[in-house]
Amino acid sequence: MQTVPFLLAQSGSNAAQQAGSVLWFLGLIVGGLLIFLFISILVVRQYKRCPSNRILVIYGRVGKDKSSKCLHGGGAFIVPLVQDYSYLSLEPIVIEVPLEGALSLNNIRVNAPATFTVAISTDPIIMQNAAERLLNLPIQVIREQAQDIILGQLRLVIATMSIEEINKDREKFMNLINKNVAEEINKIGLELINVNIRDITDESGYIQAIGKRAAADAINRAKVEVAEAEREGATGEAAAVRDKEVRVAAERAGAAEGQKLAEQKQRVAIAALEATAVQGEAQAQRDREITMAQRTAETLVAQKQAQQEQRVRVAEAEAAAVIGENTSKQRMAESQASLAEIQAEARRRAEVATAKAAEAISIAQREQELAKLAKEIVVPQEIEKQRITLAAEAEAEKRRREAQGEADAIMAKYEAEAKGVQLVMEAKAEGYRKLIAAAGSDPSVGPTLLLIEQLPKLVEQQVKAIQGVKIDKIVVWDNGNDGSGRNTTADFLSGMVGSLPKLHELAAQAGIELPPALGRLKPTDSPAPKQTPKPD
């Protein structure tokens, strides 16, 4: 009788153990389902898709030496606390540029109001520039930045072309605008879609005058062509009547020959068309094969990239699942060991996770502040640097043109002076020629008159020879005469005057004989040598 209660007690304890095992297993399943649901919700919420008219910009920790990651189309998983995202719109931006008073190459002010259509580019490099410089900026701010850049480039293009080139060669003008503007706006992440120059005018009315002149020339040419056509019509009618019979006979004679030649040309043309068709078909087939190969290669590349992203995401999900499974096993073991130890370990891990989350939040905030600082300070400084560069180039161009104008004025002045000197010399030469001609048979009359004309200047130069001599006081020790009947003082003064150039000697050196009214030179005989008396 005692064995029966013992068996009943033992069976009751086994049932309790089995019930506890079932409850533990059910709790494990419920915990795994909750973890899986949490991970699924996190993946769904953090996976962002990119529309076709936008660019998805992921910033934060996106890779080494990279400030952001840009995607056009597709999607990406945003890692919480480490990454964030934003969008850039690809919608076109219309910019009105009221350009007035731009200085052309020939210094004529030009007005060229235009409308530019730009948008954020999907090119990888330009798209990265847009992410760095235009992210989260209002459309109006982007429009103002692009307008300033476009206005400066328009003025630069107009400064390199004359007003005639702008009016005639519009294709060159548009090509230069497209090239310069596109290069500059690409630096901030924009691409040029369309340019519409509404009108080109100038303040002086030069373009309008060119148009009137062209219209007048066209009207005159039309009148001349009408007159020539009427003349040729009348002449042609007479020639047609004259050549009618001759041509009819010639045509009838050559009809058979022409028919044969036409048949021959027809056969040649058919053969050429067939050869061209075969060649075109072969070229089309080749282009089709090349295009299909390129599309196949692009499809394979896209598939490989999609497979790579899929493997990465699956690996991340499996890693998260393994982490959850390990965590569940650890909690189960800890619950079997000691509930108190589990609670203490859980509190410790919660504190560590909170500290790590706070650290990650601080890092993200710091990077966000750095990005904001770069956007608010670095970008305006770059814009100011470009504006200063353009202003300096415009000032240098202005100074160069002013210097060129001054040089042209100086050259014109020197040319005018040279022409004046040339006219004076030609007039003098003509006067000298008439003077020689008037002298007639006496060739010495002309030089004599010219020398007489220069006598005042010669006398002036003779006076200047002694006018600078300063004599404060002259003391003459004179004994009256020197034995020859002449006074010594008179000899001193005559010697001073005699030191002046002689007019007759100057004329003789020039080969000119002065008129008798000016006197003659007395021929001087060389003095005979004195004879020394011999001593007795």
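The values are calculated or read from the model by the stated rules, or taken from the named source; none is laboratory data. These figures come from a predicted structure and were not determined experimentally. As a convention, Cβ positions derive from the backbone with ideal geometry for all residues, glycine included, and neighbour counts pool all protein chains shown.
In the same structural domain as A130 (by TED's automatic domain parsing) and more than 30 Å from S89 (Cα to Cα): is that true of I210 in this structure? Spelling it out, it is not the case that I210 is in the same structural domain as A130 (by TED's automatic domain parsing) and more than 30 Å from S89 (Cα to Cα). Within this structure, A275 passes the test of being modelled with pLDDT under 80 and over 43 Å from the mean Cα position of the chain (by Cα).
K212 satisfies every condition listed in (1) farther than 24 Å from A394 by Cβ; (2) not in a helix (DSSP H, G or I) except (2). Do we have any residue at all in the range 225-235 that's in contact (Cβ under 8 Å) with a residue 12 or more places away in the chain and among the basic types (K, R)? No, the conditions are met nowhere in the range 225-235. In this structure, is M127 assigned to a loop (DSSP other than H, G, I, E, B) and surrounded by 15 or more Cβ atoms within 10 Å (Cβ to Cβ)? No: the conditions fail for M127. Where residues in the range 388-428 are among the charged types (D, E, K, R) and over 24 Å from Q153 (Cβ atoms), which of them is farthest from the chain's Cα centre (by Cα)? Per the criteria, the residue is K428.
Pairing each residue of the range 397-422 that is touching a residue at least 12 places away in the same chain (Cβ under 8 Å) and closer than 15 Å to N107 by Cβ with any residue that is assigned to a helix (DSSP H, G or I) and of a type in the set (A, V, I, L, M), provided the two are 6+ apart or on different chains, yields C-beta distances under 7 Å for E397/A159.
Does I200 meet the test of being touching a Lys or Arg at 6+ places or on another chain (Cβ under 6 Å) and either assigned by TED's automatic domain parsing to the domain that holds E165 or in contact (Cβ under 8 Å) with a residue 24 or more places away in the chain (or both)? No, not satisfied.
Within the range 183-192, does at least one residue satisfy the condition of being modelled with pLDDT of 90 or more, assigned to a strand (DSSP E or B), buried (at least 18 other Cβ atoms within 10 Å of the Cβ) and in contact with a helix residue (DSSP H, G or I) (Cβ under 9 Å, 6 or more places away or on another chain)? Scanning the range 183-192 turns up at least one residue that is modelled with pLDDT of 90 or more, assigned to a strand (DSSP E or B), buried (at least 18 other Cβ atoms within 10 Å of the Cβ) and in contact with a helix residue (DSSP H, G or I) (Cβ under 9 Å, 6 or more places away or on another chain).
Kindly provide the set of residues from the range 86-113 that are surrounded by fewer than 17 Cβ atoms within 10 Å (Cβ to Cβ) and in a loop (DSSP other than H, G, I, E, B), ordered by number. Across the range 86-113, the qualifying residues are E91, P92, P98, E100, G101, L105, N106, N107, P113. Scoring E100 on the criteria (1) over 25 Å from E395 (Cβ atoms); (2) among the acidic types (D, E); (3) within 23 Å of the chain's Cα centre (by Cα) leaves a single failure, condition (1). Looking only at residues of the range 351-392 that are among the acidic types (D, E) and within 20 Å of I188 (Cα to Cα), we find that the one that is modelled with the lowest pLDDT is E376. For the range 11-56, the set of residues classified as in contact (Cβ under 8 Å) with a residue 24 or more places away in the chain and among the charged types (D, E, K, R) consists of K48, R49, R54, listed by residue number.
Taking the range 33-73 as the region of interest, the strands (runs of 3 or more DSSP E) fully inside it that hold 3 or more residues being surrounded by 15 or more Cβ atoms within 10 Å (Cβ to Cβ) and among the hydrophobic types (A, V, I, L, M, F, W, C) are 54-60. The condition of being under 30 Å from V30 (Cβ atoms), at pLDDT 70 or above, of a type in the set (K, R) and in a helix (DSSP H, G or I) holds for only one of R313, R288, that being R313. Could you check, for the range 226-248, whether at least one of its residues is surrounded by 10 or more Cβ atoms within 10 Å (Cβ to Cβ), touching a Lys or Arg at 6+ places or on another chain (Cβ under 8 Å) and not aromatic (F, W, Y)? For the range 226-248, residues surrounded by 10 or more Cβ atoms within 10 Å (Cβ to Cβ), touching a Lys or Arg at 6+ places or on another chain (Cβ under 8 Å) and not aromatic (F, W, Y): absent. Of the residues making up the range 193-225, those that are aliphatic (A, V, I, L, M) and either surrounded by 12 or more Cβ atoms within 10 Å (Cβ to Cβ) or on the phi > 0 side of the Ramachandran plot (or both) are I193, V195, I197, I200, I207, I210, A214.
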